[in-house]
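The values are calculated or read from the model by the stated rules, or taken from the named source; none is laboratory data. Worth saying up front: this structure is predicted, and the values here are computed from it rather than measured. Neighbour counts are summed over all protein chains in view; Cβ atoms, including those assigned to glycine, are modelled from backbone coordinates with ideal geometry. Side chains are part of the model used for accessible areas, which takes the heavy atoms of the whole protein and leaves out ligands, DNA and RNA. Shrake-Rupley method; radii C 1.70, N 1.55, O 1.52, S 1.80 Å.
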Amino acid sequence: SRSVLKPITPTLFEVVDDKLYFLQNKEAMDHWKLDWRRIRYKANANWPGMVSRHGEPVQTKVLVNKMEGVLAIQGYDPVAYFTFKRAEEGDPSYTATFEDAIYQFATAAHRDQFLRYPQKYVPAFGGYCTYAASLNVLKDITPSCFDILDGRLVLFHNESALEIWHEDAERTFAKSKANWAGLVVQHGTHAGSRVLVNQEDGPVAIQGYDPVAYIEQKEAVQGNAQFSSVFGGMIYRFASPANQATFQESPAKYMPSYGGYCGYGVSLNVLKDITPTCFDVVDGRLVLVHNQKALELWKHSPSRTLHRADANWPGLVMRKGTVPEEKVLVNKNEYNLALQGYDPVAYFTQKAAVRGLPDFTAVQDDAIYRFASAENQHMFLECPKMYAPAFGGYCGYAASMGVLQQVSPQCFDVFDGRLVLQHNDTAQVMWRSDARGAMMRAQANWPSLEVLNGSVPVHKVLVNKSDTNLALQGYDPVAYFTQSMAVEGHPSFTAVYENAIYRFNCAEHRDRFTQNPSKYVPAFGGYCGYSAARNVLKPVTASVGSIIGGRLILMHDEKTYDIWKQDIKGVLAKADANWPALLSRHGAPLEPYVLVNKNESGIALQGYDPVAYYTLKRATPGDPQYTTAFEDAIYQFVSAEHRDTFIKNPHRYAPMFGGYCGTALSMNMLVEITPSCFEIVDGHLVLFHTKESMEAWNNDPDDAWVKAEANWPALAVRHGGTPGTKILVNADAGLAIRGYDPVAYFRQGEATKGCAHFVSVQGGVIYQFACAENLAAFVQCPKKYTPAFGGHCGYAASSNELKDIDPTCFDIVAGGLVLL
């Protein structure tokens with residue numbers, strides 16, 4: 001009724017005219033009882049606006065058991081279970097996409113059957129184990145363990161689960177069905193609209209050629225950077241404003257088919273870059289191809305090739321595509337502080353540039369804004385888009401010219417309700433001489449500037465934990481709620497949440513936490529609540545704190561707690577307001593931890609071939625000639641065929657538990673392995689320390705598996721790390737290609753010495769360029785111009801060696817620069 005959102009106390013409620021109303025606290029309840037009709041009327045009037053400001057689109061969640069995040073039923077054919085009455089491996093040539101997953105089929109006929117009625121053939125419970133779903137948990141499946149019940153395909157973890165199912169199939173199915181909706185809400189994801197766009201040449205689509213000219217003028221015409229539009233996260237350029245306007249009216253009509261990749265390549269189920277002058281228009285669709293030869297092959301039978309490409313494209317999008325994420329571009333310093341610390345609201349309320357205070361902050365688009373007062377802070381939080389400066393806080397006049405420039409906070413205008421900052425007095429005068437025209441030009445340029453220079457906001461986490469990633473000093477977070485006291489957890493019962501390890505007093509508490517971790521983790525990342533209200537981070541005493549509004553809030557010590565209790569409501573509100581900025585400043589991106597058993601040279605499995613365990617059914621030493629890297633470790637193989645098999649599906653062949661002993665894992669320990677001691681358990685490679693430990697596992701494999709799986713995440717976080725992206729670049733005193741211009745190899749077709757005036761740093765090394773144009777081309781798309789193999793000799797790399805190069809000896813192969 002006051003146009004703000006606040007949490008509720010579930011025990012404070014009223015039912016009026018068969019509608020349920022909750023209140024925040026007793027004070028709110030007293031206000032309600034005094035004048036509930038007027039309060040309800042105001043609340044009903046305010047609610048649509050609040051939904052518009054704070055609500056999110058409703059998206060249906062899906063939960064599908066997929067390998068590598070895309071392949072359902074481990075590649076088995078869902079239709080074959082019905083037609084052949086057995087588990088049959090699918091063929092990668094025949095695929096279909098449904099609910100964010102790829103299904104493979106044994107025949108084209110099976111694929112077509114599936115496409116006509118996918119709901120009939122997709123497995124029940126997202127392809128997870130049906131018996132496990134009846135127990136309200138998710139488990140992987142063995143594709144050969146299945147049943148058909150009432151026309152639904154149900155799959156199982158192993159033979160034991162299938163036998164239990166047969167004891168009372170209908171009752172178990174009913175329990176699974178009742179549990180499934182909750183499992184989907186807990187573990188499912190929104191079926192993202194994946195996109196796959198050719199970005200080989202950076203964010204400028206079709207290498208800057210005009211998409212409208214292909215259709216309307218029937219020719220390839222280079223676009224002009226002055227006439228640009230952003231669509232689907234890519235920048236399209238046009239030869240004229242008329243073509244730009246035509247595109248904006250109907251972008252889908254002019255977008256190239258297959259995301260701008262080679263149409264002929266897609267018909268062969270591969271992705272290849274294009275030559276913009278090699279194209280065809282088929283039934284009003286623009287199809288680009290790799291080169292003249294590919295165009296000839298395409299035109300030999302365009303309708304049939306188009307049909308094949310159309311059939312392959314959804315699978316390629318699922319495998320290679322990504323859910324688009326919107327980039328943001330905000331002018332901020334290294335500490336994420338926007339507007340140089342000036343208050344954005346004061347520009348509107350006081351018509352002046354006023355410095356903000358560190359006590360009053362808010363976060364918007366990954367940037368921290370400061371305010372001169374709590375009132376201004378609240379105004380911003382109510383409607384941040386109204387007060388955040390236009391053009392990300394960069395100079396408005398510069399944006400109207402298509403460039404980014406810093407600002408002077410005192411040089412500003414409020415134009416059409418938007419705060420526009422300028423670089424200096426001169427820029428402000430230029431802006432004011434034609435403010436409306438400059439605003440229109442800046443607004444037209446901004447999407448392209450955002451795509452070229454912006455970044456996707458990173459989800460950060462900030463948890464108070466030890467050097468071994470142990471949260472809450474090892475205390476049980478659930479016990480605070482169930483026993484109203486601090487209880488030490490036990491190392492036997494652990495769970496991992498946001499890369500921190502939590503310990504529990506018993507298995508029941510661990511299971512409660514796993515089902516709903518956000519309910520039990522302490523507020524403010526486990527840092528002191530009172531300190532957060534003062535905008536600083538302080539450690540806590542685990543026994544000092546309380547549950548407030550269903551949140552566990554801990555304190556630094558008893559003295560701090562006493563101060564907190566004097567104004568719980570006010571101090572909590574301050575802490576909540578400060579936390580986003582503390583998180584932005586001190587938090588880190590959430591990255592998965594990996595732990596792989598490898599030697600000093602980074603070789604996993606003691607050099608044994610992981611694929612051979614499946615194909616040859618024995619431990620076989622790999623050959624150093626055939627290697628690949630996965631999760632920060634090197635795997636060796638007996639043949640190129642085995643290496644390629646692993647590369648296609650590394651998650652299937654990499655050993656479980658990082659290649660450590662499975663039995664030791666079930667006892668919460670890391671122990672070395674003997675490569676010849678192994679089992680394939682439900683399609684997973686599990687290794688053991690000795691034959692005795694393998695026998696111990698086989699005495700009760702299901703129990704050992706469950707324990708090892710429960711222990712593994714905490715061990716990985718405690719002993720593992722986030723895999724770093726390693727680079728290997730041939731540079732002499734930090735200078736790449738001995739100072740030769742990488743762009744000149746492509747544009748001038750020759751080795752040309754760069755100049756110290758035109759330089760760019762990429763991957764920690766310096767590249768020099770012969771002219772400003774080449775420098776600009778490199779900055780726009782460094783990936784295209786950086787030499788293959790880190791600038792080392794390409795021929796030597798083919799023999800698994802590193803050798804220096806002669807910059808004048810080169811070749812352009814498949815669009816990449818290879819030096820020799």
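Computed quantities for the displayed model
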item: Order by protection proxy (mean Cβ within 10 Å, highest first), peptides 207-216, 20-29; result: 207-216, 20-29
item: Length gained when the stretch residue 410-residue 335 is fully extended (0.36 nm per residue, less Cα-Cα span); result: 24.9 nm
item: Proximal lysines to residue 33, defined as alpha-carbon separation beneath 29 angstrom and excluding residues fewer than eight positions away on the same chain; result: 6, 19, 42, 565, 569, 574
item: Within the chain, helix-based [θ] at 222 nm, where runs of 4 or more DSSP H residues each add -39,500 (n - 2.57), nearest 500; result: -10000 deg cm²/dmol
item: Peptides 595-601, 327-333, 12-18, 312-318 ordered by average Cβ neighbours within 10 Å, highest first; result: 312-318, 327-333, 595-601, 12-18
item: Residue-normalised accessible area of the chain, given per residue in Å² at a 1.4 Å probe; result: 50 Å²
item: Inverse mean reciprocal Cα-Cα distance (Kirkwood Rh) of segment 513-553, Å; result: 10.8 Å
item: Share, in percent, of DSSP beta bridges within the chain that are antiparallel, nearest 5; result: 90 percent
item: At most 16 other Cβ within 10 Å, DSSP loop - GluC sites (Glu not before Pro), segment 34-142; result: 68, 99
item: Violating pairs (Cα-Cα greater than 32 angstrom) within the set 61/320; 85/707; 332/465; result: 85/707
item: For segment 117-197, radius of gyration divided by Kirkwood radius, i.e. Rg to Rh on alpha-carbons; result: 1.02
item: Cα pair count fraction exceeding 26 Å, expressed as % - segment 658-813; result: 52 percent
item: Within segment 666-779: Cβ-based charge dipole about Cα centre, in debye rounded to nearest 20 (Lys, Arg +1; Asp, Glu -1); result: 820 debye
item: Set of aspartates and glutamates with alpha-carbon distance to residue 26 below 17 Å, sequence-local pairs under 8 removed; result: 14, 35, 567
item: Cβ charges +1 (Lys, Arg) and -1 (Asp, Glu), total dipole of segment 399-522, debye; result: 140 debye
item: Loop sites in segment 735-820: GluC sites (Glu not before Pro), DSSP, at most 14 other Cβ within 10 Å; result: 750, 801
item: Base-10 log of normalised Debye intensity for segment 617-732 (one unit scatterer per alpha-carbon) at q = 0.10, 0.14, 0.17, 0.22 Å⁻¹; result: -0.35, -0.66, -0.92, -1.31
item: Three semi-axes of the equivalent ellipsoid, the chain, Cα gyration tensor, whole Å, largest first; result: 44, 43, 30
item: Translational diffusion coefficient (Stokes-Einstein; Kirkwood radius from C-alpha pairs) of segment 734-820 at 37 °C, 0.692 mPa s, in µm²/s; result: 257 µm²/s
item: Straight-distance crosslink candidates among aspartates and glutamates, where the alpha carbon sits under 20 Å from residue 327 and sequence neighbours closer than 8 are dropped; result: 56, 200, 201, 365, 366, 450, 591
item: Loop chymotrypsin sites (Phe, Trp or Tyr not before Pro), segment 260-369 (other Cβ atoms within 10 Å of the site Cβ: 16 or fewer; DSSP); result: 335
item: Whole-number Å³ per residue for the convex hull built on Cα positions in segment 614-653; result: 68 Å³
item: Segment 432-577: radius of gyration and largest Cα-Cα distance (Dmax), Å; result: 21.4, 72
item: Magnitude of the charge dipole, the chain, Cβ model with Lys/Arg +1 and Asp/Glu -1, debye to 20; result: 2060 debye
item: Space enclosed by the convex hull of the alpha-carbon atoms of segment 194-305, per residue, Å³; result: 96 Å³
item: Share of Cα-Cα pairs in segment 348-456 lying beyond 17 Å, as whole percent; result: 55 percent
item: Cα coordinate range in segment 508-615, projected on the principal axes (Å, largest first); result: 68, 34, 22
item: DSSP beta bridge pairing in segment 734-820, given as percent antiparallel to the nearest 5; result: 90 percent
item: Most to least packed among 691-703, 496-508 [average Cβ atoms within 10 Å]; result: 496-508, 691-703
item: Calculated FRET efficiency for the pair residue 248/residue 799, C-beta based, R₀ 56 Å, to 0.05; result: 0.60
item: Positive dipole terminus of segment 619-712, leading residue within 649, 664, 681 (C-beta point charges); result: 649
item: Whole-percent pair-distance distribution, where bins are 10 Å wide, for the alpha carbons of segment 687-766; result: 14, 24, 14, 10, 13, 16, 9, 0
item: Quotient of Cα Rg and 2.2 N^0.38 Å for segment 19-143, N being how many residues it contains; result: 1.77
item: Relative contact order for segment 567-706, counting Cα pairs under 8 Å that sit 6 or more residues apart, in percent; result: 17 percent
item: Percentage relative contact order, the chain, counting C-alpha pairs under 8 Å, at least six apart; result: 6 percent
item: Relative contact order for segment 376-449, counting Cα pairs under 8 Å that sit 6 or more residues apart, in percent; result: 35 percent
item: Distance cut-off 22 Å, percentage of C-alpha pairs in segment 266-373 lying past it; result: 57 percent
item: Reciprocal of mean inverse Cα separation for segment 242-326 (Kirkwood radius, Å); result: 13.4 Å
item: Listed residues 608, 122, 690: farthest to the positive end of the dipole of the chain (Cβ charges); result: 122
item: Prolate/oblate/rounded call for segment 738-787, Cα gyration tensor, a/c under 1.5 rounded; result: rounded
item: Furthest towards positive pole of dipole, 350, 400, 383, structure part segment 316-429, Cβ charges; result: 400
